[in-house]
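Comments concern the structure below.
The values are calculated or read from the model by the stated rules, or taken from the named source; none is laboratory data. From a predicted model like this one, the values you see are computed outputs, not experimental measurements. Backbone-built Cβ (ideal geometry, glycine too); neighbour counts: all protein chains shown. The protein model used for the area step is the full one, side chains on, heavy atoms only, and it has no ligands, DNA or RNA in it. Shrake-Rupley method; radii C 1.70, N 1.55, O 1.52, S 1.80 Å.
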Amino acid sequence: MIEQSVFGSIKNGTEVKSYTLTNKSGMKVKLLDLGATIAEIWTPDRYGKFGDVVLGYATPAEYENNSGYIGAVVGRVANRIGGAEFMLSGRKYLLDANDGKNTLHGGFDSYSTRVWDATTEEMRNRVTFKLFSPDGDQGYPGNLWIKVTYTLTDEGELKIRYRARTDQMTILNLTNHAYFNLSGKLGAADVLDHKVWINSDQMTPVADSASIPTGEYRDVAGTPMDFTAPKLLGQDIDADYDQLNYGGGYDHNWMLKRGDAQIIMYHPETGRRMTVVTDQPGVQMYSGNFLRGLVETTVDGKAVTVPGHDLMGQEIQYRSGVCFETQVPPDAVHHDNFPNCILMPEMEYESETVYRFDVAEEGFWE
Ligand code: GLA
């Protein structure tokens, strides 16, 4: 079932619509055409009580001024590009330096604050959002036609399928920036009491607090970055380790192994479990280290950032959500040893990430 309603309007007057998908067991996913955003995901805990397991704002204005990219699709190239420029077939392309000297999540005019065109398919319980990104948009070459399809299955899966075509060689890395908090307490509780497993032996270390990769692959064994055995997110997050000091916590890319699942997150108190399956080579696990001052606004003529509010009107707290941004590693365009993110006109970009929600069996990971 798909229910449509008007969520409000953004500054330029454009109306923002919401699309709520429901499955047979009553699980609900609310999407917005603004940013092709996941605004709410309602799943039951072990007692059958439904709770919203992703952070979302109460108003379109907060989404529009959202420096945390809450729930949105980010691109053209998700994550960072060092020096806000790159070379492609002998030409240099200049991008926005919106994160110090570097580009983050596409630049200032992010896909996350644009209103996408929506089409619904009631029988398949899916919504497709389309965006046209013209040649030169954000500084990238090539016209780009993007489609992101969200499907909610009766098995508790939210499937995200990304497709794109270009008419010129370009670079592309699309992901979703949802912040998960399986407690159902939204912005009021941190996620440090969640257990995480990542099917990965290696991560791509960053050089300093600007978070640009050095280009190496580093073994996680014996370090706080090791999630090969499930552990609490809070267990090592404040350890004195170069990568955690640079990121202020987890904000790094892990290289994923193939298999039935790439990531599992479990919340012992509620029994909620989320399993991530993706065809992408990496994932940025970001533990919400910048969630304190999120929304840009002006007070007495001065630009300031203030806390955002979740749907319950609660201030969104530090580390109250964790993102699993499935992706090609950050700054791939500058590292030949990383999987590349080049899209050619004769290729169709196609990628899928599935977030599956259920309640774990008694004794799971105890
Ligand atoms: C990404 C980055 C983080 C942060 C968030 C948005 O996940 O890796 O460093 O910039 O986006 O706040």
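Details
- Counting only protein heavy atoms and a probe of 1.4 Å, the accessible surface of the chain is 49% carbon and sulfur.
- Segment 23-127, relative contact order in percent, only Cα pairs under 8 angstrom and at least six apart counted: 24
- For segment 191-219 versus segment 255-270, the gap between their alpha-carbon centres in whole angstrom: 15
- Whole-Hz ³J(HN,Hα) from phi, Karplus 6.51 cos²θ - 1.76 cosθ + 1.60, for segment 16-25, glycine and proline x: 10, 10, 10, 10, 10, 9, 10, 10, 4, 8
- Note on the chain: GNM, Cα springs under 10 Å; of V306, V29, V148, the largest mean-square fluctuation is that of V306.
- A simple packing score, the average count of other Cβ atoms within 10 Å per residue, orders the peptides 331-342, 107-118, 85-96, 59-70 as 59-70, 107-118, 331-342, 85-96, with the highest score first.
- Pairs exceeding 29 Å between alpha-carbon atoms, taken from K24/K185; K30/K147; K30/K92; K30/K185; K24/K231: K30/K92; K24/K231.
- Near the amide H of D99, within less than 5 Å, lie the amide hydrogens of L104, all on another chain or at least 5 residues away, with H placed in the peptide plane.
- The chain - percent relative contact order, Cα under 8 Å, separation 6 or more: 18
- Cα gyration tensor shape of the chain, rounded if a/c is under 1.5, else prolate or oblate by comparing a/b with b/c: rounded
- Farthest positive-ward along segment 65-145 dipole, Cα basis, beta-carbon charges - from G139, T120, G82: G82
- Couplings 3J(HN,Hα) for segment 337-348, derived from phi with the Karplus relation 6.51 cos²θ - 1.76 cosθ + 1.60 (θ = phi - 60°), are 8, 8, x, 8, 10, 7, 10, 9, x, 7, 9, 10 Hz, where x marks Gly and Pro.
- Shape of segment 147-206, Cα gyration tensor, a/c cut at 1.5: oblate
- Solvent exposure of the chain, expressed per residue, is 40 Å² of accessible area, with all protein chains present and a 1.4 angstrom probe.
- Coupling constants for segment 115-123 follow from the phi torsions by the Karplus curve (6.51 cos²θ - 1.76 cosθ + 1.60, θ = phi - 60°), and in residue order they are 8, 8, 8, 10, 10, 10, 10, 3, 4 Hz; glycine and proline get x.
- The charge dipole of segment 234-355, taken about its Cα centre with unit charges on the Cβ atoms of Lys, Arg (+1), Asp and Glu (-1) only, comes to about 360 debye.
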